[in-house]
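Only the coordinates and a few stated rules stand behind these numbers; no lab work does. The shown structure was predicted, so the numbers you read here are calculated from the model rather than taken from an experiment. Glycine also receives a Cβ, built like all others from the backbone with ideal geometry; neighbour counts cover every protein chain displayed.
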Amino acid sequence: MLSYQQARELVTSSLRAVFCEPQSEAVPLGGALGRILAHDLLADRDYPPFDRAIRDGYAVRAADTGRSVVLECIGELKAGDTPAVSVAPGNCIQIMTGAALPGGADAVIMIEHTRRNGDRIELDRAIEPGQHVVRRGSEQAAHKTVLGKGTRFGFSEIAAAAQVGAAQVTLYQKRRIAILSTGDEVVDFAAAPGPFQIRNSNSASLAAQVQALHAEPVTLGNARDTYDDLRTKIAAGLESDALILSGGVSAGKYDLVEPVLREFGARFLFDAVAIRPGKPVVFGICRGKPVFGLPGNPVSTMVTFELFVRPAVEVLSGTEPGSLPLIEAALAVRLCEKPGLTHFLPARAEYGAHPMVRPVAWQGSGDIMAMTRANCLLVVPPDRENIEANERVQILPRGLW
Ligand code: AMP
Ligand code: MG
């Protein structure tokens, strides 16, 4: 059986093999957060566009400076001013943060290192050329790439685009991800369930996980555990860019997702991964589209999405899938798990210089409430049965899930 790492690798390599570039659209920069740039964005000019003072002080010639040296102040420059006068030997110009360095000067001495008496500025030290100055073009050269195609916009990328004047950006269109739950016992979450029915929480969590990736969920409701209903709804799901099913992939008599996908010509890359929760997870390519059959237990559905569907949606959307952001933490309690599978346990970490983690109490993979108390998943490797308190373990911090 594949490890979760091998399964992730298989998902990304298969997706790259069937990938075709999404359509693009122009969007005002304010709407770009979380979305993906469809072309290289170039700098319109050098950054900074001039040699910029980064302290309040005096623009000087470094060679003139020294302890007890007195310079004559011949003017003042604030941010936005055009420098009109040059600094000649023995002179200086008062300068504010963000202003352009005047001709002749090659450094800024901080105001704290000077004493002013009229136009006479006494220095308390020598400074080096270039001190407290950021050279023109040193952050970014004109006409070179600021943000590469495939970059996802966070607030820093929005700032960079704003800085270079990209009031509109060309983004990849959002991928449409079909979501279909299955199960005779499942009713819409807005409906009143019978005594032995359950509400459809998987469609809700999957739609949220898709939205968190800035793709567009297309919710198709729930299919009954019959060939006919599954056929009709899977056919509708294959109209989207990818299809995610929940439930119906275990070994039960009414687990019909795999046989119906096979009828549609699906090529399966895996139908089990050595993990708990989520072992019976299915991944295939059907009519050129990725299809996932996630186990129906809600925690399994959420965890397998994060492990396997997320990288697929990232590749489809035109960006590089990130590696799993695993971090180390010390285990607060002793753990005893059955070996053979990698376990992902809902857990609570206290972050800080020395993160500490403990599993939350849970009743297994149907326990949604436990996930709401967790802020990470604790990863127990397949070869570990007993892990002692204070041992180092890996955790997968919770982002938006
Ligand atoms: P299955 O994978 O179809 O065998 O379902 C496993 C468990 O998950 C069963 O207890 C189901 O009732 C439950 N389940 C299946 N689908 C959903 C759903 N859409 N929302 C919440 N629970 C579900
Ligand atoms: Mg079922």
Checklist entry - Exactly one of (1) away from ligand 2 (no atom under 15 Å from the Cβ); (2) crowded, with 24+ Cβ neighbours inside 10 Å is unmet by residue 272. Its number? => result (2)
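Give segment 275-298 a look and list any residue that's closer than 20 Å to residue 235 by Cβ and away from ligand 2 (no atom under 16 Å from the Cβ), or say none.
Step one: of segment 275-298, the residues closer than 20 Å to residue 235 by Cβ are 282-294.
Result: 283, 284, 285, 286, 287, 288, 289, 290, 291.
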Item to check | Any chance residue 257 is within 15 Å of ligand 2 (Cβ to nearest atom) and either among the acidic types (Asp, Glu) or touching a Pro at 6+ places or on another chain (Cβ under 8 Å) (or both) | outcome: no
Checklist entry - Considering 322, 340, which residue is without any contact (Cβ under 8 Å) to a residue 60 or more places away in the chain and in a loop (DSSP other than H, G, I, E, B)? => result 322
Next on the checklist: Of all residues being β-branched (Val, Ile, Thr) and touching a Gly at 6+ places or on another chain (Cβ under 6 Å) in segment 88-143, which is surrounded by the fewest Cβ atoms within 10 Å (Cβ to Cβ)? Just the residue, please.
Outcome noted: 111
Next on the checklist: Checking the structure you have, find out if any residue of segment 169-184 is within 16 Å of ligand 2 (Cβ to nearest atom) and not in a strand (DSSP E or B).
Outcome noted: yes
Checklist entry - Give me the pairs: first residue in segment 186-203 and of a type in the set (S, T, N, Q), second residue more than 9 Å from ligand 1 (Cβ to nearest atom), beta-carbon distance under 6 Å, and six or more apart or on different chains, which are they? => result 197/187; 200/188; 203/179; 203/219
Next on the checklist: within 16 Å of ligand 1 (Cβ to nearest atom) and touching a Ser or Thr at 6+ places or on another chain (Cβ under 8 Å): is that true of residue 180 in this structure?
Outcome noted: yes
Checklist entry - Would you pick out the residues in segment 234-253 that are within 11 Å of ligand 1 (Cβ to nearest atom), surrounded by fewer than 24 Cβ atoms within 10 Å (Cβ to Cβ) and touching a residue at least 24 places away in the same chain (Cβ under 8 Å)? => result 250, 251
Checklist entry - Got at least one residue in segment 328-336 being closer than 21 Å to residue 212 by Cβ, more than 16 Å from ligand 2 (Cβ to nearest atom), crowded, with 17+ Cβ neighbours inside 10 Å and not basic (Lys, Arg)? => result no
Item to check | Scope segment 281-297; condition surrounded by 24 or more Cβ atoms within 10 Å (Cβ to Cβ) and not aromatic (Phe, Trp, Tyr); matching residues | outcome: 281, 282, 290, 291, 293, 294, 295, 296
Checklist outcome for this item: Restricting segment 185-196 to residues that are assigned to a loop (DSSP other than H, G, I, E, B) and within 9 Å of ligand 1 (Cβ to nearest atom), the one farthest from residue 256 (Cα to Cα) turns out to be 189
Checklist entry - Looking only at residues in segment 298-319 that are in a helix (DSSP H, G or I) and of a type in the set (Gly, Ala, Ser), which one is surrounded by the fewest Cβ atoms within 10 Å (Cβ to Cβ)? => result 317
